[in-house]
Amino acid sequence: MKKKQSMRPWMVHENQNYKRKEVIYSMKKRQCTKSWMYAVWIVVSALTLAILPIQTQAQDADLDGFVETGNIILYGGATYPLCGQGMDRLSCLDPATKDLFVILIPAGTSNIPGNPLEYIYMPKSVGGLAIATHQIAEGQTDPSRVVSPSSSQKAIRITESLDTSNLNILGSASYGTPNGLDNATVYTQRIIEFIKSKCGTNYATNTNCLDNTGNYGQAVVNKYIKHTIAHEAGHMMKLTKVYDSRNGGNHYKTGTNVIMDQSVYYTSKSGKVTFYMGTTFTSNDQTDATLK
């Protein structure tokens with residue numbers, strides 16, 4: 001009780017020496033306590049720094065929405081194992097690089113070419129996003145597109161349409177992440193009709209119906225469709241973040257010749273029609289790809 005009383009204001013004039021001793025004692029005690037707490041803080045901080053990378057790895061190091069510490073079983077029953085030596089990257093999961101599940105829904109008589117997601121999973125060194133794309137069918141997720149009971153991450157869904165009512169719109173998608181809105185369509189028959197309107201009905205064998213790399217005929221159609229699929233998928237990964245009404249939204253200016261251009265353009269000269277379709281993403285898009 002004496003120590004508490006000695007610190008009260010009304011005791012100062014009664015016993016200055018006693019108060020002085022008490023103050024010195026209290027200061028030393030506080031300094032000792034602070035030193036001990038500081039030492040504890042240093043130890044805790046060091047342990048936290050050592051533990052955090054391990055926790056981050058366990059949580060989701062590559063930010064794709066999956067904790068890839070073992071096999072992932074889809075709602076439809078398919079199993080995707082962790083990648084091992086010699087495994088096809090598109091059939092397995094890697095905790096160090098992004099994985100994206102894509103529900104690609106073909107029309108009854110489909111125009112979708114083989115390897116439709118190629119421009120997305122290509123290495124960054126050749127213009128791709130280096131995101132492993134796992135093409136799945138409708139029904140392999142739950143109704144809200146959640147891929148697996150072990151995660152809340154969703155797949156993106158792209159539906160093929162054969163509608164030909166408007167040749168000015170060849171694809172559409174909502175802007176956001178796979179966990180956002182679900183509204184992506186690729187109008188493959190419109191693409192064919194558009195090419196046909198420029199090259200003639202014999203477009204599939206017409207050597208004067210080219211792309212800018214020299215491919216002609218059906219190869220032009222296939223490339224155009226794959227370009228459009230990659231473009232609409234890009235919108236669902238928040239690519240081309242700057243909205244510009246002059247370019248029709250989240251696009252680059254037509255003529256940049258990358259996948260996220262507002263539109264494909266063509267030239268026609270001396271009976272030769274050349275389409276300029278980008279097959280690469282910009283370095284900014286490669287960095288900005290967002291899956292959750």
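The values are calculated or read from the model by the stated rules, or taken from the named source; none is laboratory data. Given the structure is predicted, the values throughout are model-derived calculations rather than measurements. Cβ placement follows ideal geometry from the backbone for every residue including glycine, while neighbour counts extend to all protein chains displayed.
Could you check, for region 223-234, whether at least one of its residues is assigned to a loop (DSSP other than H, G, I, E, B) and at pLDDT 95 or above?
no
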Practice task
Among the residues of region 154-184, write down those that are farther than 21 Å from ASP285 by Cα and either among the aromatic types (Phe, Trp, Tyr) or under 22 Å from the mean Cα position of the chain (by Cα) (or both).
Solution key: THR159, GLU160
Exercise for the section: Identify, from the list SER150, SER161, the residue that is at pLDDT 95 or above and either buried (at least 17 other Cβ atoms within 10 Å of the Cβ) or assigned by TED's automatic domain parsing to the domain that holds LYS223 (or both). Expected result: SER161
Problem - Candidates ALA130, ALA58, ALA96, filtered to the one that is closer than 26 Å to THR280 by Cα and at pLDDT below 95 - result: ALA96
Handout entry: Out of ASN202, ASN206, sole residue that is assigned to a loop (DSSP other than H, G, I, E, B) and surrounded by 18 or more Cβ atoms within 10 Å (Cβ to Cβ)
Key = ASN206
Practice task
Would you point out the residue of region 97-113, among those that are surrounded by fewer than 17 Cβ atoms within 10 Å (Cβ to Cβ) and among the polar types (S, T, N, Q), that is nearest to GLN153 (Cα to Cα)?
Solution key: THR97
Exercise for the section: Could you check, for region 74-93, whether at least one of its residues is part of a loop (DSSP other than H, G, I, E, B), in the same structural domain as GLY278 (by TED's automatic domain parsing) and under 29 Å from SER263 (Cβ atoms)? Expected result: no
